1. Kindly list the number of the only condition in (1) in contact with a His (Cβ under 6 Å, 6 or more places away or on another chain); (2) farther than 19 Å from Leu46 by Cα that fails for Phe141.
2. Can you tell me which residue within region 15-50, out of those that are over 14 Å from the mean Cα position of the chain (by Cα) and either part of a loop (DSSP other than H, G, I, E, B) or modelled with pLDDT of 50 or more (or both), is nearest to Leu114 (Cα to Cα)?
3. Exactly one of (1) surrounded by 12 or more Cβ atoms within 10 Å (Cβ to Cβ); (2) at pLDDT below 95 is unmet by Pro224. Its number?
4. So Gln219 fits all but one of (1) modelled with pLDDT under 95; (2) in the same structural domain as Thr157 (by TED's automatic domain parsing); (3) assigned to a strand (DSSP E or B); what number is the exception?
5. Considering each of Gly136, Gly149 in turn, give the residue that is surrounded by 12 or more Cβ atoms within 10 Å (Cβ to Cβ) and within 24 Å of the chain's Cα centre (by Cα).
6. Check region 255-270 and report whether any residue there is touching a helix residue (DSSP H, G or I) at 6+ places or on another chain (Cβ under 8 Å) and surrounded by 15 or more Cβ atoms within 10 Å (Cβ to Cβ).
7. Looking at Asn81, is it crowded, with 24+ Cβ neighbours inside 10 Å, farther than 21 Å from Asn170 by Cα and of a type in the set (S, T, N, Q)?
8. Which members of region 187-201 meet the condition of being surrounded by 17 or more Cβ atoms within 10 Å (Cβ to Cβ) and of a type in the set (Ser, Thr, Tyr)?
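The values are calculated or read from the model by the stated rules, or taken from the named source; none is laboratory data. Quantities reported herein were computed from a predicted structural model and do not represent experimental measurements. Backbone-built Cβ (ideal geometry, glycine too); neighbour counts: all protein chains shown.
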Amino acid sequence: MADRRHGDNVNTFQKAVLLMMVAVTGMVSVADAQVTKVGTSAAKFLSIPVGARALGMGGAFVAVADDASAMFWNPAGIAQNYQAEAMFSHSQWIADINFNYGGVTSPLGDFGTLGLHFTSLSLDEMERTTIDQPDGTGEFFSVGSIEVGVSYARYLTDWFAIGANVKYINERIWNSTATGWAVDIGTLFTTPFDGLKFGASIANFGTKMQIDGDDLLTQKDISPISGNNANVNARLTTDRFDLPLTLRIGLSYEAIEDEDQQLLVNIDAMHPNDNTESVNIGAEYTLFRKIFAIRAGYKALGIRDSEEEFTFGGGINYNVAADLRLKFDYAFESFGILNNVHKFTLGVLF
C-alpha cells in the first residue's frame, strides 16, 4: 500500500511538472508572438474608403475633404462646399463584395452645410449548407450591411471649420441582425503657411453591436433528470463588439496652384482600435484648367502583413453650364494576393 501511494505521488508530481512546463512554454509563446486587435470590431465595412478621388491618393484625404465623400473622411470638410453636390460611388470590393456610397450636401449660407449619406455592402445570395447536406439545402440567404447618416459642418472662423455625423448602422445575415449608432467629429484648419491645411477626425464613436434573431433559437435539455422535456426552447447569446473607432490626422499642401494646374501632396496618419497605426500618402495633379486629374498614393504603411499597396487613378471635372459641373473619377488599388479593387465615382455640383 505504501509503495502504491508513493508511486501515485510520483505520478502526480510528474503530471504537475509537465503541466507547469506546458504552461510556461505557452506563456513564452504568447509573449514572443505579436498580439494584435485585428478582427475585434463589428461593422468593419465602416472602414472601407469611399470616393475614387480619395482612394486614388492612397486614402490620404482628411485634410482635403472638399467633396461629398468628406462625410466619411472628415465631416468638417463639407463646410468648404459652396455648391450643392450629389455623389455616388461604386466598387467591386474583394471577394466579389459590392460596396456603394452615396451622399448629398447642401450649403445653408451663414448657417453652415448640411449633408446626408449612406454606405452599403452586399453579397449575392448564398445557398445554405449543413453537415448532412453539404451540397446545399435549397434554401438561400443574404448578407449585408448598411449605414445611413446626417452631417452638419460650418466655419467658426475664416480658417477653422468643425463638423459632425450621426449614423445608424445595421448588419444582417439571414434572419439575424445587429444595430448600432455612432458619431463622427472632424475639424479642418487652414494654417498661416501658404497652401498648408491640417485636418483631424474621429470616426465611429458609438454603441457596441450584438447580433440577435431567429437564427439563434435552439433547443436545450436544461436538466439531466430522466423523463423531463429534453427540448426546451432557448436562445444563444453572442458577444458585444465595439465599432471600428478610428482617429485620423493629416496634412495637405498645395505645392503648385494657379489657374491652369494644381499639385496637392497629402499625408494621413491613422490610429484604429482594431489594428496597428499606419500612414497613407498620396498626391493629385490637375491640369488643363483643372479639368483633368491624375493621382497616385500608397496605403497602410506600417501595418504588418497588410495586403494593401499602391493606388492610382484619374478624373474629369467639367463645367457643363454656369452652375452645373460634372465629375467622374476612377481609382485602382492593388490588394496583393487578394483581388485588385476598381472604384468609380460620379459627382454633380449644382
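1. Looking at each condition in turn, Phe141 falls short on (1).
2. As a first pass, look at region 15-50 and keep what is over 14 Å from the mean Cα position of the chain (by Cα): 15-37.
Retained after the next criterion (residues that are either part of a loop (DSSP other than H, G, I, E, B) or modelled with pLDDT of 50 or more (or both)): 33-37.
Numbers: Ala33: 47, Gln34: 44, Val35: 42, Thr36: 38, Lys37: 35 Å.
Applying the filter and picking the extreme gives Lys37.
3. The number of the failed condition is (1).
4. (2)
5. Values: Gly136 fails: within 24 Å of the chain's Cα centre (by Cα).
Of the residues listed, the single one that is surrounded by 12 or more Cβ atoms within 10 Å (Cβ to Cβ) and within 24 Å of the chain's Cα centre (by Cα) is Gly149.
6. Filtering region 255-270 down to residues touching a helix residue (DSSP H, G or I) at 6+ places or on another chain (Cβ under 8 Å) leaves none.
Within region 255-270, not a single residue is touching a helix residue (DSSP H, G or I) at 6+ places or on another chain (Cβ under 8 Å) and surrounded by 15 or more Cβ atoms within 10 Å (Cβ to Cβ).
7. Values: crowded, with 24+ Cβ neighbours inside 10 Å: no; farther than 21 Å from Asn170 by Cα: yes; of a type in the set (S, T, N, Q): yes.
The answer is no for Asn81.
8. The answer is Thr187, Thr190, Ser201.
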